[in-house]
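Notes follow once the structure below has been shown.
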Amino acid sequence: MKISLNEVADTLLLNDNILILTHKNPDGDTQGSAIALCLALKSRGKRAYILANEGTTPRFKARLMSLEAPEDFAPDFVVAVDSATEERLCLSANNYLGKVDLAVDHHISHKEYAKKTYVGDNAACGEIIWEIITLMGVEITDKIAEALYIAISTDTSCFLNANTSARTHEIVSKFFSMVPNVPALHREFFVVKSKARLAVESLLIASISFHLNGAVAVMKLTLEDIKKTGASEDDLDNIVALARSIDGVELGILLRETTDSGVKASLRSSDKFNSSDICAVFGGGGHVRAAGATIAHISLDMAEDAIIKALGDM
Ligand SMILES: [Mn+2]
């Protein structure tokens, strides 16, 4: 059932012993949203925790300290943030499939799986979390401000993606002065790259193939590449942006081997392509300009052919 923002705030205030779920391969938006919401609920006297996500990266470990649910926590209310489908929830959330009370999300491809759902037309789930905690009458602290800032700057690529609206800036302006050391945060999350990531980038550059007169760039990453470079998930975060950064490329694609002989495709596009529609052909989804799909039992080369063929058919 779809509910309004006011109803989301009221529902949260009426409940206690709340568990917050994040999505697989957690990014800054899902984790920042979860941290901000958790801190906000606690400030309203609630017992609230975030379910430990198997994919949590080192940058978030410290920020999540004391917010992760103890093993024996038995929630009375379960909230999912930034997860478009139930399958997208982190693996550790398996016990809660079919039991999510509230989903708060911003993906146009959202498939309702929770008892109550709010899907906003926002650049980041973090924007919606700001709206909710404001409605809950929560006073923004520096920790909440930092979490919201990470969430929103992640999904807008630091306020530069086409999804960035005046409303995005308006929301951030409400707590910007509370965010401690924005330049340091920016460098930590968006500038610094590990040597492993640099090594992966060099392999990806060597793997690039162009299609449709250079409008489409496909990069391929094997399991062997990942092993060889020692890259972690954090090292690979949003690495598909490399393909989209090339002059003339309107659609950047990263194809990555999965451990179960499939391929995970990540797409980033200009307004000339609809990433969400292309990924939908393969059972995936996301946003118009950023989407993903996992294709089972296929090689990297076959996945490339299938996607290029799908583009031709659209
Ligand atoms: Mn998001």
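At-a-glance table
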{"item": "Residue 217 being outside the structural domain of residue 56 (by TED's automatic domain parsing) and in contact with a Phe, Trp or Tyr (Cβ under 9 Å, 6 or more places away or on another chain)", "result": "yes"}
{"item": "Test: residue in region 40-59 that is buried (at least 24 other Cβ atoms within 10 Å of the Cβ) and acidic (Asp, Glu)", "result": "no"}
{"item": "Condition met for residue 57 (modelled with pLDDT of 95 or more, among the β-branched types (Val, Ile, Thr) and more than 19 Å from residue 15 (Cα to Cα))", "result": "no"}
{"item": "Yes/no for residue 201 being buried (at least 16 other Cβ atoms within 10 Å of the Cβ) and touching a Ser or Thr at 6+ places or on another chain (Cβ under 6 Å)", "result": "no"}
{"item": "Verdict on residue 28 being surrounded by 17 or more Cβ atoms within 10 Å (Cβ to Cβ), assigned by TED's automatic domain parsing to the domain that holds residue 128 and within 16 Å of residue 103 (Cα to Cα)", "result": "no"}
{"item": "Hey, residue 101 without any contact (Cβ under 8 Å) to a residue 40 or more places away in the chain, more than 24 Å from residue 264 (Cα to Cα) and more than 16 Å from the ligand (Cβ to nearest atom) or not", "result": "no"}
{"item": "Boolean, residue 228 is assigned to a helix (DSSP H, G or I), in the same structural domain as residue 293 (by TED's automatic domain parsing) and farther than 23 Å from residue 37 by Cβ", "result": "yes"}
{"item": "Among the candidates 233, 257, 250, 224, residue that is modelled with pLDDT of 95 or more, of a type in the set (Asp, Glu), surrounded by fewer than 18 Cβ atoms within 10 Å (Cβ to Cβ) and touching a Ser or Thr at 6+ places or on another chain (Cβ under 7 Å)", "result": "250"}
{"item": "Condition broken by residue 88, with the remaining ones in (1) among the basic types (Lys, Arg); (2) within 16 Å of the ligand (Cβ to nearest atom); (3) out of contact with any Lys or Arg (no Cβ under 7 Å at 6 or more places or on another chain) satisfied", "result": "(3)"}
{"item": "Cβ-Cβ under 9 Å pairs, at least 6 apart or on other chains, region 275-289 side touching a residue at least 12 places away in the same chain (Cβ under 8 Å), far side of a type in the set (Lys, Arg) and buried (at least 21 other Cβ atoms within 10 Å of the Cβ)", "result": "275/268; 289/268"}
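The values are calculated or read from the model by the stated rules, or taken from the named source; none is laboratory data. Quick caveat, the model's predicted, so the values are computed rather than measured. Ideal geometry is used to build each Cβ from the backbone, glycine not excepted, and the neighbour counts take in all protein chains shown.
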